[in-house]
Amino acid sequence: LVLAGAGSGKTSVITRKIAFLIEQLGIPGRHIAAVTFTNKAAREMKERVGRIIDRKLTRGLTVSTFHNLGLNIIREEHDHLGYHPGFSIFDAEDAKALIQDLMLTHGSTDAGDELNPVQMTISSWKNAMRAPAEALSKAADEREQRIAIIYDYYNEYLKAYNAVDFDDLILLPVMLFRQHPDVLAKWQRKIRYMLVDEYQDTNATQYDLLKLLVGDGARLTAVG
């Protein structure tokens, strides 16, 4: 774990660590994954690695956002999750439109005013690993009960459309790994070294994904 201030070279620690693992320890690039939070940061990290290591040695190296890593896992393991190949990804506007339709269908008279709060609540529940049934059982009031019911319908419709939303890109791999130890073991063999930039920004599901992938045998370098 590396804790340091902004501009002090934390990302350089990750790129140099990748170079050390590949050049000095002989770890194949395909067994190393580095993750961060934005596509821009991931591109910059990949470019830095490319400047200090022979590109032939980095073949198979994963440098991506958390969500792109999750997407790759879902694509490879879609059958275990009950999805068909070529599933679609709902962006925020797609998700909002579906939630609005569900709210109107199920009796909401103020879908316009409530739409954004409902979408944010569903997203927060997904990021807290709270399934619809748990959200309903733990609802603090009638309003949360209504949102939990919409949440349940929302998940059902996503599955029917062979689609996932942005939050699912982390949630589904975590659920998959918890329910299928054999699949988790496969990915633990694949990713033997994990490096995380801006580690302090991880949420509950991202942290769970890291813990599962790292397991007992992998190595983790986290900077923040």
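Treating the beta-carbon of each Lys and Arg as +1 and of each Asp and Glu as -1, no other charges, what is the dipole magnitude of the chain about its Cα centre, to the nearest 20 debye? For the chain, the charge dipole is close to 1660 debye.
To put it simply, the accessible area of segment 27-156 at a 1.4 Å probe is 48 percent carbon and sulfur.
On average over all directions, what projected area in square nanometres does the chain have, based on the convex hull of its Cα atoms? The partial results should precede the final answer.
Values: hull surface 55.8 nm².
About 13.9 nm², averaged over all directions.
Relative to the longest principal axis of the Cα atoms of the chain, the long axis of helix 39-52 lies at roughly 10 degrees.
Just need the relative contact order of the chain here, percent rounded to a whole number, with Cα pairs under 8 Å and 6+ apart. Each step should come with its number before you reach the end.
Values: 279 pairs, mean separation 63.8, N = 224.
The normalised contact order for the chain reaches 29 percent.
Rg and Dmax over the alpha-carbon atoms of segment 132-199 stand at 16.2, 46 Å.
Straight Cα distances below 19 angstrom link Lys10 to the lysines Lys40, Lys46, with same-chain residues fewer than 8 positions distant left out. When only the Cβ of Lys, Arg, Asp and Glu is charged (+1, +1, -1, -1), the dipole of segment 148-190 relative to its Cα centre reaches about 400 debye. The residue list Thr221, Thr202, Pro181 was ranked by how far each Cα lies along the charge dipole of segment 181-224 toward its positive end, using unit charges on Cβ atoms, and Pro181 comes out on top. With K and R counted +1 and D and E -1, the other residues having a Cβ less than 14 Å from that of Asp101 yield a net charge of -3.
For the chain, what does the accessible surface come to per residue with a 1.4 Å probe? Please give it in Å².
Each residue of the chain exposes 53 Å² on average to a 1.4 Å probe.
The residue list Tyr151, Gly112, Pro85 was ranked by how far each Cα lies along the charge dipole of segment 78-224 toward its positive end, using unit charges on Cβ atoms, and Pro85 comes out on top.
Could you give the length gained by full extension between Val2 and Arg55, i.e. 0.36 nm per residue of separation minus their alpha carbon distance, to one decimal place? Let's see the in-between values first.
Working: separation 53, 0.36 × 53 = 19.08 nm, distance 2.65 nm.
16.4 nm is the gain from fully extending Val2 to Arg55.
Segment 178-224 and segment 32-110 have Cα centres lying 16 Å from one another.
Starting from the residue with the highest accessible area, list Phe37, Phe90 in decreasing order, probe 1.4 Å. Provide the component values of the computation, followed by the final result.
Values: Phe37 65, Phe90 35 Å².
These residues rank, largest area first, as Phe37, Phe90.
Between Met129 and Arg75, the simple label model (points 7 Å from Cα in the Cβ direction) yields a spacing of 2.6 nm. Relative to the longest principal axis of the Cα atoms of the chain, helix 204-214 runs at roughly 40 degrees.
Built from the Cα atoms of segment 82-213, the convex hull projects on average onto 9.4 nm², one quarter of its surface area. For Phe87, the solvent-accessible surface with a 1.4 Å probe is about 30 Å², rounded to the nearest 10. Computed from Cα atoms, the angle from the helix 168-179 axis to the main principal axis of the chain rounds to 80 degrees.
The values are calculated or read from the model by the stated rules, or taken from the named source; none is laboratory data. Keep in mind that what you see is a predicted model, and the values were worked out from it rather than measured. Cβ coordinates were reconstructed from backbone atoms using ideal geometry, including for glycine residues, and neighbour counts include every protein chain displayed. We work out accessible area using only protein heavy atoms, side chains counted, and drop any ligands, DNA or RNA first. Shrake-Rupley method; radii C 1.70, N 1.55, O 1.52, S 1.80 Å.
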